[in-house]
1. Using +1 at the Cβ of each Lys and Arg and -1 at the Cβ of each Asp and Glu in the range 125-195, identify which of A139, L185, Q169 lies farthest towards the dipole's positive end.
2. Label the range 125-195 by shape, choosing from rounded, prolate and oblate, from the square roots a ≥ b ≥ c of the eigenvalues of the Cα gyration tensor; if a/c is under 1.5 it is rounded, and otherwise prolate applies when a/b is larger than b/c, oblate when it is not.
3. FRET efficiency for E86 and A156, Cβ-Cβ distance as r, R0 = 25 Å, nearest 0.05?
4. Quote the charge dipole size of the range 125-195 about the Cα centre in Debye, to the nearest 20; the model charges only the Cβ of Lys and Arg (+1) and of Asp and Glu (-1).
5. What distance in nm separates the two pseudo spin-label positions at A142 and V72, each 7 Å out from Cα along the beta-carbon direction?
6. Once label points are set 7 Å from the Cα along Cα→Cβ at both D119 and A103, what is their separation, rounded to one decimal in nm?
7. Return the long-range amide H neighbours of I114 (sequence gap of 5 or more, or a different chain), with a cut-off of under 5 Å between placed amide H atoms.
8. What is the gain in length, in nm to one decimal, between H165 and E182 on full extension, counting 0.36 nm per residue of separation less the C-alpha to C-alpha distance?
Amino acid sequence: MLHFLKKNAFVIIVCVVGVSIVVFPRDSKSQDMDEMPLKQDAQQLEHIAIGQTKMDEIVIVDVKGEVERPGVYEAEPGTRVHDVIEQAGGFTDLAYEAAVNLAQKVHDEMVILIPAQGDEPSNVTMGTSNDGKVRMNYATQAEIETIPGIGPAKAAAIINHRDEHGFFQSVEDLLDIPGIGEKTLENMRDDIQIP
């Protein structure tokens, strides 16, 4: 028997190796190598999705008037007007700072107009249209209070809602604000403009 094993050792080894390849699965290292491209693809897709989410979270703001570097700026939601003005280099010496609500949160497609000292308030605000209607997406609290039936509390609620949820898309969006019902909305409809 020993003589037979010595004489046919090569054949036996080849057979054992062949059977082990067929019967036993590949080692985990080679499986990991096969799975690596799949893991890399998943990581790349996740990275792209995160990048898209971050792009969706960026708002674009147009800063005009009396700032050092007027232009279009990117900001994160919740950023205040003050921060965007700082991005634009701050106010010029001619800026009428009191005309701007520095605490207001910015939103996508917002225009921040910094007037010069001496400009008439009616010319420097974006909250009132040429026909005298209050532009609800830009109006200050004082401008909103000029609407019949809207006092300080409702005006503040309107601004808070706008800051938290962004621009109003239709007049009916105002119904989402506590204290504004169908009747109040009908009374103010002729005096407001959206968008």
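Just so you know, all these numbers are worked out from the coordinates, no wet-lab data involved. If you're wondering where the values come from, they're calculated on a predicted model, not measured in any experiment. Note that each Cβ is placed from the backbone with ideal geometry, even for glycine, and that neighbours are counted across all protein chains shown.
1. About the Cα centre, the residue reaching furthest to the positive side is A139.
2. Details: a/c = 1.28, a/b = 1.14, b/c = 1.13.
Verdict is rounded for the range 125-195.
3. Details: r = 26 Å, r/R0 = 1.02.
In this case the efficiency is close to 0.45.
4. Numbers: 6 positive and 12 negative charges, 23 e Å.
Its charge dipole is roughly 120 debye.
5. 3.2 nm
6. For D119 paired with A103, the spin-label model returns 2.3 nm.
7. HN-HN under 5 Å from I114: K64, G65, E66.
8. Numbers: separation 17, 0.36 × 17 = 6.12 nm, distance 2.04 nm.
Here the answer is 4.1 nm.
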